[in-house]
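Structure first, commentary second.
The values are calculated or read from the model by the stated rules, or taken from the named source; none is laboratory data. No experiment lies behind these values; they were computed from the predicted model shown. No Cβ is skipped: glycine too gets one built from the backbone with ideal geometry, and neighbour counts run over all protein chains shown. Surface areas here come from the heavy atoms of the whole protein model, side chains and all, with no ligands, DNA or RNA. Shrake-Rupley method; radii C 1.70, N 1.55, O 1.52, S 1.80 Å.
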Amino acid sequence: MTSGDDALGRRTDGRCHAFGDDALGDLDAVGLVEAQRAGTVSAAELVDAAIARTEAVNPALNGLAFEAYDRARARAAASRPFGGYFDGVPSFIKDNVAVGGWPTMQGTDAWDPQPMPADGAFARVFLATGLVPLGKTQMSEFGFSGAAEHPRIGPVRNPWNSEHTAGASSSGSAAFVAAGVVPIAHANDGGGSIRIPASCNGLVGLKPTRGRIPLDKETAQMPLHLVANGVVSRSVRDTAAFLREVERVYRNPKLAPIGDVTQPSKQRLRIAVCTQSISRDASPEIRELTLKTAAMLEELGHRVTEIDNPVPARFKDDFLVYWAFLAMALIRGGRRMFGPSFDRSRLDNITLGLDRKAARNLHKVPTAIRRLSASHRITARLGERYDAVLMPTLAEVTPPIGHLDPMQDFDTVMNRLVDWAAFTPLQNATGDPAISLPLAESATGLPVGMMLSSPRGREARLLELAYELEEAHPWAKIHS
């Protein structure tokens, strides 16, 4: 931490970070792998440093859901903890996937924590990469909101300005990576939950193609797979290396491999730019920043064309109907899924309001699922004309704590949420990959993400483009 920090790692300019002169330094995950191989640091030193950093900033950021420091230290002390590329690199897992021996609370406190009997499908792959999780990170309740502000658990705060939200639902993971606690952490995305917090916290956040990375059983049983697992990181190469390592232990034969993407491509692309979402235009400030990114792409030699949003307006209602149906399934099946201690009175107004919405609209669910499932045809046609599409990740700048308070009137908070997170749900329905990159900054100094998407299976193209943009426009660092 810099001089002038208080005991919680907060700076006088409102930033809160843990970067300092310890074993982690300001290295990304690949840099820590290289440092271990060079013998300048050990896995034990990295884990101890990450634990110290967690304890320094968590009182301010509130990103920790469950700590497993003893297990992390034991694994780091082993000669080869996991046998993967990232051996010894500290990380976190979001609190909505199963890890053996740890509870899964889904961002709520509506039932008594119970340890999971075994690792789920995702945790097995994540651990096989060698990453050493220190515990689990906070999220919005069941991932339904773009901000984690539970009335009893408290809000997860943005390290760039702790008066603002860290986004969600992968809020704790993003806050900790941005604050320098760990270089990379698990995130997943069912409506923007990788890309939203990546944008808010100045990170790289790639939502992979549907089916690229395995889902836990409960998520995989949903009638339409909106959710995709991934990570948030501070560098393009960390995200690329994670996907490469996952592919070495889990490969979907229906998708072309990503491979080892390490640099930009020389190929110049046809890129569409769109500042209109399915429900609204981006704010004037966000539109201007998006067009500046488009101009940067043109300067790099890509052919950029501005387009209108091709998605019909009914998409918003279809998505909300299905979203509400998922909430209803969780609440009505709460005791069966979470145990007899499940208490719906402890849920927030977003979850309860979605349940009520589903009860009124059950007859619309089959049609909504059918139309959402067919939405990939729209982007497939777009992909015949363009190699990638540039949009802002979010329609407005990052709001302050309280703007998306889940205990407000349901219609009020849901309208605010849909208005803000207007761009991200499309790729969850289509299954296409999309990446948020921290290419812009608001007038108030907060990070602003720019989102690039491409047709299914084209993560390598997005990573190559991301490398190019990272080189051309290195993003701001919280500790600089």
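Values for this structure:
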quantity	calculated
Any pair with Cβ under 7 angstrom, 6 or more apart, that starts in region 359-378 at a residue that is of a type in the set (Ser, Thr, Tyr) and ends at one that is assigned to a helix (DSSP H, G or I) and open to solvent by less than 50 Å² (accessible area, probe 1.4 Å)	SER375/PHE315; SER375/ALA429; SER375/THR430
Residue list for region 107-132, restricted to those being open to solvent by 10 Å² or more (accessible area, probe 1.4 Å) and either hydroxyl-bearing (Ser, Thr, Tyr) or in a strand (DSSP E or B) (or both)	PRO115, MET116
Tally, over region 456-478, of residues that are open to solvent by 10 Å² or more (accessible area, probe 1.4 Å) and either of a type in the set (Val, Ile, Thr) or over 17 Å from GLN267 (Cα atoms) (or both)	7
Residue within region 150-163 that is open to solvent by less than 10 Å² (accessible area, probe 1.4 Å), touching a Gly at 6+ places or on another chain (Cβ under 6 Å) and at pLDDT 95 or above present	yes
Scan of region 203-221 for residues that are surrounded by fewer than 21 Cβ atoms within 10 Å (Cβ to Cβ) and closer than 17 Å to SER375 by Cα, ordered by number	GLY211
Set GLY230, GLY146, GLY167: member being touching a residue at least 12 places away in the same chain (Cβ under 8 Å), touching a Cys at 6+ places or on another chain (Cβ under 6 Å) and not β-branched (Val, Ile, Thr)	GLY167
Residue match in region 402-416 (condition: small (Gly, Ala, Ser) and open to solvent by 20 Å² or more (accessible area, probe 1.4 Å))	yes
Filtered residues of region 31-43 (kept if open to solvent by less than 40 Å² (accessible area, probe 1.4 Å) and in a helix (DSSP H, G or I))	GLY31, LEU32, VAL33, ALA35, ALA43
Some residue of region 368-391 being among the acidic types (Asp, Glu) and in contact with a Lys or Arg (Cβ under 6 Å, 6 or more places away or on another chain)	yes
Failed item in (1) open to solvent by less than 10 Å² (accessible area, probe 1.4 Å); (2) of a type in the set (A, V, I, L, M); (3) not in a helix (DSSP H, G or I), with VAL261 passing the rest	(1)
Members of region 346-388 found to be more than 22 Å from MET222 (Cα to Cα), open to solvent by 30 Å² or more (accessible area, probe 1.4 Å) and in contact with an Asp or Glu (Cβ under 8 Å, 6 or more places away or on another chain), listed by number	ARG346, ASN349
Qualifying residue in region 224-247 (condition: under 18 Å from ALA128 (Cα atoms) and part of a loop (DSSP other than H, G, I, E, B))	no
Single residue of region 331-365 satisfying the filter (among the polar types (S, T, N, Q) and part of a loop (DSSP other than H, G, I, E, B)) that is farthest from PHE319 (Cα to Cα)	SER341
Pairs with Cβ under 7 Å, 6+ apart, first in region 173-191 and within 16 Å of SER162 (Cβ to Cβ) and part of a loop (DSSP other than H, G, I, E, B), second among the acidic types (Asp, Glu) and open to solvent by 10 Å² or more (accessible area, probe 1.4 Å)	GLY180/ASP26
Hits in region 324-345 - residues which are open to solvent by 40 Å² or more (accessible area, probe 1.4 Å) and over 22 Å from MET116 (Cα atoms)	PHE325, SER345
